[in-house]
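The values are calculated or read from the model by the stated rules, or taken from the named source; none is laboratory data. As the structure is a computational prediction, the values presented were derived from the model and not from experiment. Quick reminder, even Gly has a Cβ in these numbers, built from the backbone with ideal geometry, and neighbours come from all protein chains shown. In case anyone asks, the SASA skips ligands and DNA or RNA and just uses the protein heavy atoms, side chains included. Shrake-Rupley method; radii C 1.70, N 1.55, O 1.52, S 1.80 Å.
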Amino acid sequence: MSSLAAARADNFYYPPEWSPKKGGLNKFHGQHALRERARKLDQGILIIRFEMPFNIWCGGCNSMIAKGVRFNAEKKQVGNYYSTKIWSFTMKSPCCKQEIVIQTDPKNTEYVIISGAQRKTEDYDVEDAETLLLPADEERDKLADPMYKLEHQEEDLKKKKEAEPVLVRLQRLSDSRHSDDYALNRALRDRLRSQKKRVAEEKRSARKMGLGVRLLPPSAEDATAAASVKFASKFEKSRRDKRAAIKAASIFPESSSSTSKNKLDLALKRRNIKAGAASALMASRVKPSSWQSAGSGSSRTQMPIMATRK
């Protein structure tokens, strides 16, 4: 074993105090070979893993327990059908801990719910399910009659003769298809190779168009579906009106032209004010303080106060 823990888990570890005179490891440890599964073996009960054979309704909370769900069930013998034992399985429902008891029915070769649950009834058509219809109990009893059995066999032989040509034709078709394994494998690989190339080409074209997903090739169904789509008349009319308005409008917005014209007029006014204040100062008609007040009359700029050097 790879480790001591693995050896102990597999029950292959022999402690130093063990000797062959003390018997096997189970006898030495004072335990059964099945461990916890055999804790009720003195009562004739063995703990097993039981798998639900069909869909049932829980009797405690009316929840459905699906086929194939496994339980830790107590298995015990409750009787005999001739020489066949009848087993009982007792388990608890996982939804509400309801005790469910199921027994075997050797006579009808099925399981029977004794208590704690109810079998879910599921009816289906034999042809839709593609299964065989089992004979009813009355027909089973009739098959024991030699005369009825002879008539039944005659009907089966007649059905066989009628279906034999179809079966032979299907067998020949299957043989012809699978006669050359190399050719079938080659055809399959060629089809997969062409499919991979087509997918790679679609991804490459989608990547060129900036798409994250590949586009499937166009088909006649897509063209028919696209042609059948009709937009509303209001949408078409509004779209034509918007296009006509855009074509008739100027490429220069009115708001920007008026704003630039206002800025130009304001700059000319400021220039005229500065020129008039400078000429008055040179003629000694206006004091520097008044020049400041004259310059402050504008909206944003202020004229500096001139001072004479001493």
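Brief remarks follow.
- Scanning the range 12-41 for residues that are surrounded by fewer than 10 Cβ atoms within 10 Å (Cβ to Cβ) and either touching an Asp or Glu at 6+ places or on another chain (Cβ under 8 Å) or assigned by the TED database to the domain that holds GLY79 (or both) yields nothing.
- The range 26-45, residues that are part of a loop (DSSP other than H, G, I, E, B) and at pLDDT 80 or above: ARG39, LYS40, GLY44, ILE45
- Check on VAL213, out of contact with any Phe, Trp or Tyr (no Cβ under 6 Å at 6 or more places or on another chain), hydrophobic (A, V, I, L, M, F, W, C) and not in a helix (DSSP H, G or I): yes
- Scanning the range 46-99 for residues that are farther than 25 Å from HIS32 by Cα, open to solvent by 40 Å² or more (accessible area, probe 1.4 Å) and part of a strand (DSSP E or B) yields TRP57, MET64, ASN80, TYR81, THR84, GLU99.
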